[in-house]
Amino acid sequence: MLSLTVSQSSGEPLVDQIVAGIKRQIDERHLRPGTRLPSIRNFAETYDVSRFTVVEAYDDSHKRNEQLVWLIRRLLEADESAILAGGPWLPNSWLDETGIRASLNALARKNGAYLLEYGHPFGYLPLREHLALMLASLGIAAHAGQILLTAGTSQALELVIRYLLKPGDAALVDDPGYYNMFGNLRLHGVEMLAVPRTPDGPDIAVLEKLAAARRPKAYFTQSVMHNPTGTDMSPHVAFKLLQAAERHNFIVVEDDIFCDLQAKATPRLATLDQLDRVIYARSFSKTLSGSLRVGFVACAQNVANELADIKMLTSITTSQFTERLVYLMLVDGHYRKYLSRLHERLGEARLDVVRAFERIGLELFAEPADGMFVWARFPQVEDSLALAEASQRDGIMLAPGAVFRPHLERSPWMRFNVSVCEDTRVQRWLARQTTTKAA
């Protein structure tokens with residue numbers, strides 16, 4: 001049964017209150033998939049609002065659910081002519097296809113049953129040992145037994161969700177944050193508690209209040225090159241976050257998928273915590289290949305054992321072939337040179353795009369130090385969803401802020417990928433929107 005709080009005096013538009021309320025009812029499993037909402041007339045009478053308000057809210061709610069699916073599907077099905085201005089990965093031309101082919105040829109020449117057999121439950125041991133050395137460069141002490149290889153960060157987070165949470169549990173999440181993970185949490189019946197993201201990291205005051213009132217079991221976050229804002233968590237916020245985790249007894253899940261895009265490594269939450277209360281996840285999808293699907297989880301030994309059991313039950317094991325391929329690419333020295341070139345190219349693109357956006361009149365949430373994302377908005381636009389729909393008609397895919405919010409509320413912000421937004425076609429389109437709005 002639908003039960004919402006709608007207040008005429010709250011200052012928040014009634015439509016937004018209704019849409020957000022319906023989303024929370026779904027996330028908290030009070031409304032099951034396929035449940036019929038009250039009629040427009042009954043809703044209007046029950047909550048003392050106009051029928052026009054209810055119609056707009058119902059339409060808006062339906063549109064935003066479709067928008068989330070639309071974004072993911074358009075990203076995966078986009079043809080070569082589409083300009084993915086809000087996309088989550090680097091263009092193919094930026095990636096090291098030559099290096100992948102060379103390592104693939106070298107691996108294919110090696111004899112071994114790895115071409116035929118299932119891999120080890122924890123994954124290829126030499127790769128895990130090398131990852132332990134890579135983690136040490138971040139100041140994270142972990143041995144190979146604490147590292148579980150996964151099919152990308154998506155599977156890593158899926159395993160962690162299965163391990164930590166059951167339907168009805170609560171988890172803290174960034175607002176805005178990673179939409180795919182939000183969808184995964186919804187599938188598992190987890191109640192999401194939105195923590196506003198500031199340029200310095202999560203709003204600790206809100207986090208503390210939510211943690212005290214709702215007793216979440218986990219907090220899912222990105223401390224560096226946050227998706228979608230591109231910002232880094234400041235050291236003092238990271239310290240307060242870990243104190244709050246200890247005080248309120250929740251686990252911090254640190255998603256560091258963009259790690260290798262950072263030119264100069266900085267401490268992670270896992271560096272400060274040393275995998276006591278932090279579970280660390282990462283992959284090579286953003287720098288090597290989205291097709292290889294090799295990621296990992298680093299955590300306490302007992303947690304790694306539990307995650308390995310879940311991995312075996314849900315997928316038996318991961319591909320030893322791709323794990324060996326990634327290992328060859330990481331240890332031959334070529335990868336480091338490739339990353340150095342990539343950092344330089346990204347830095348130039350980021351500077352060019354930031355300058356272009358400032359000329360166009362876009363407002364930046366913050367100027368990122370690393371990574372591929374800029375979070376920006378038009379000051380005169382309150383909801384970027386309409387802009388995303390308009391850009392699609394012109395062959396440009398924008399990423400509207402609503403899809404990055406846990407409950408899909410309105411947002412004026414948009415995520416931009418600097419490696420794509422150097423394209424003058426994107427900048428001209430955005431400039432025309434400024435002219436149109438001014439007129």
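Observations on the model:
- Checked against the criterion of being farther than 18 Å from Asp200 by Cα, of a type in the set (Lys, Arg), open to solvent by 30 Å² or more (accessible area, probe 1.4 Å) and not in a helix (DSSP H, G or I), the candidates Arg247, Arg293, Arg282 yield just one match: Arg293.
- Subset of the range 132-156 that is in contact with a Gly (Cβ under 9 Å, 6 or more places away or on another chain) and not small (Gly, Ala, Ser) - its residue that is most open to solvent (accessible area, probe 1.4 Å): Gln155
- Summed over the range 229-247, the residues that are over 16 Å from the mean Cα position of the chain (by Cα) and touching a residue at least 40 places away in the same chain (Cβ under 8 Å) give a count of 2.
- Taking each residue of the range 150-161 that is within 15 Å of Phe284 (Cα to Cα) and looking for partners that are part of a loop (DSSP other than H, G, I, E, B) and among the aromatic types (Phe, Trp, Tyr) with beta-carbon atoms closer than 9 Å, six or more apart or interchain, yields Gly152/Phe284; Leu157/Tyr178.
- Unique residue being in a strand (DSSP E or B) and either in contact with a Phe, Trp or Tyr (Cβ under 9 Å, 6 or more places away or on another chain) or not hydroxyl-bearing (Ser, Thr, Tyr) (or both) when the list is Ala366, Ala376, Ala386, Ala356: Ala376
- Scanning the range 272-294 for residues that are under 16 Å from Leu127 (Cα atoms) and hydrophobic (A, V, I, L, M, F, W, C) turns up Ala281, Phe284, Leu288, Leu292, Val294.
- Taking the criterion of being of a type in the set (A, V, I, L, M), open to solvent by less than 10 Å² (accessible area, probe 1.4 Å) and closer than 20 Å to Val190 by Cβ, the residues of the range 203-240 that qualify are Leu207, Ala211, Ala218.
- Restricting attention to the range 199-228, the residues being touching a residue at least 24 places away in the same chain (Cβ under 8 Å), part of a loop (DSSP other than H, G, I, E, B) and under 30 Å from Gly168 (Cβ atoms) number 8.
- Residue selected from the range 312-331 under the condition in contact with a Ser or Thr (Cβ under 7 Å, 6 or more places away or on another chain) and not β-branched (Val, Ile, Thr), by the criterion surrounded by the fewest Cβ atoms within 10 Å (Cβ to Cβ): Leu328
- Test: residue in the range 310-333 that is in contact (Cβ under 8 Å) with a residue 60 or more places away in the chain, in contact with a Phe, Trp or Tyr (Cβ under 9 Å, 6 or more places away or on another chain) and closer than 30 Å to Ala245 by Cα: yes
- Within the range 80-98, the set of residues being in a loop (DSSP other than H, G, I, E, B), open to solvent by less than 90 Å² (accessible area, probe 1.4 Å) and out of contact with any Gly (no Cβ under 8 Å at 6 or more places or on another chain) comprises Leu84, Ala85, Gly86, Gly87, Pro88, Leu90, Pro91, Leu95, Asp96.
The values are calculated or read from the model by the stated rules, or taken from the named source; none is laboratory data. In this text the structure is predicted, and so the values were computed from the model without any measurement. Neighbour counts are summed over all protein chains in view; Cβ atoms, including those assigned to glycine, are modelled from backbone coordinates with ideal geometry. Calculation scope for accessible area: heavy atoms of the full protein, side chains included, ligands and nucleic acids excluded. Shrake-Rupley method; radii C 1.70, N 1.55, O 1.52, S 1.80 Å.
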